[in-house]
Amino acid sequence: MRLLRLFLLNPTTRFTAKEIGLKSKVVGPSLHKELRALQKIKFIRKQTNIHRLSNTFKFLAPLKNLLLATEPFRDSEIVSRFRNGGRIKLVLVAGIFNQKNGGDSRVDILLVGDNLKRNKIEKALHNMESEVGKELTYAIFETKEFKYRMEVYDKFVRDIMDHSHRIILDKIGVGVPVGTTKL
């Protein structure tokens, strides 16, 4: 599944076996076995040591629709992946996590919280990238900085908030319309 997503989400990219292993976290004999199987069914093409998606694979469109129409993670799973990253107060997903609504956004995930452990958050994000098959774009803010950026209508934050997104965790009231109170 990881290899299928990697090639489908990066249709023009050429990868070495080493790059495929790093991005998908599939290594050793398993990686080579899967690559041979994908070559055999003509899903990928190999030229010297470079692998790429074959645009002549006859089931390319249906497979792409099937894999990309499904959400890569449940909302609760996304939130739980960051539980060791500090006191997370806001998790907003867009882009790849919001395929049903166009999937176009400045970020795939926005995290806001206090006492954030950036290295643990980034490790969780890299693990998610290997499962999704695509490099994720993300933004991480401390709560105070995020609230300030919201107050001053920061362009970057406004672009995220104005495009299609889903808030899957909100402990600071971002999803509450102005003039209402959060229950």
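If you go through the stretch 56-78, how many residues are modelled with pLDDT of 85 or more and surrounded by 16 or more Cβ atoms within 10 Å (Cβ to Cβ)? Residues flagged as modelled with pLDDT of 85 or more and surrounded by 16 or more Cβ atoms within 10 Å (Cβ to Cβ) within the stretch 56-78 amount to 3.
Among the residues examined, Arg87 qualifies as loosely packed, with under 15 Cβ neighbours inside 10 Å and in the same structural domain as Val132 (by TED's automatic domain parsing). Here is the figure for the stretch 126-160: residues that are touching a helix residue (DSSP H, G or I) at 6+ places or on another chain (Cβ under 8 Å), in a helix (DSSP H, G or I) and either in the same structural domain as Lys64 (by TED's automatic domain parsing) or not polar (S, T, N, Q) (or both) total 9. The set of residues in the stretch 113-159 that are touching a residue at least 24 places away in the same chain (Cβ under 8 Å) and among the hydrophobic types (A, V, I, L, M, F, W, C) comprises Leu116, Ile121, Ala124, Met128, Val132, Leu136, Ala139, Ile140, Phe141, Phe146, Met150, Phe156.
For first residues located in the stretch 39-65 and among the charged types (D, E, K, R), partners that are part of a helix (DSSP H, G or I) and lie 6+ apart or on another chain with Cβ distances below 7 Å form the pairs Lys46/Gln39; Lys64/Leu8.
Going through (1) out of contact with any helix residue (DSSP H, G or I) (no Cβ under 8 Å at 6 or more places or on another chain); (2) under 15 Å from Glu135 (Cβ atoms); (3) at pLDDT below 90 one by one, Thr48 falls short only on (2).
The values are calculated or read from the model by the stated rules, or taken from the named source; none is laboratory data. Predicted, not measured: the structure shown is a model, and the values here were computed from it. All Cβ positions, glycine included, derive from the backbone under ideal geometry; neighbour counts span all protein chains shown.
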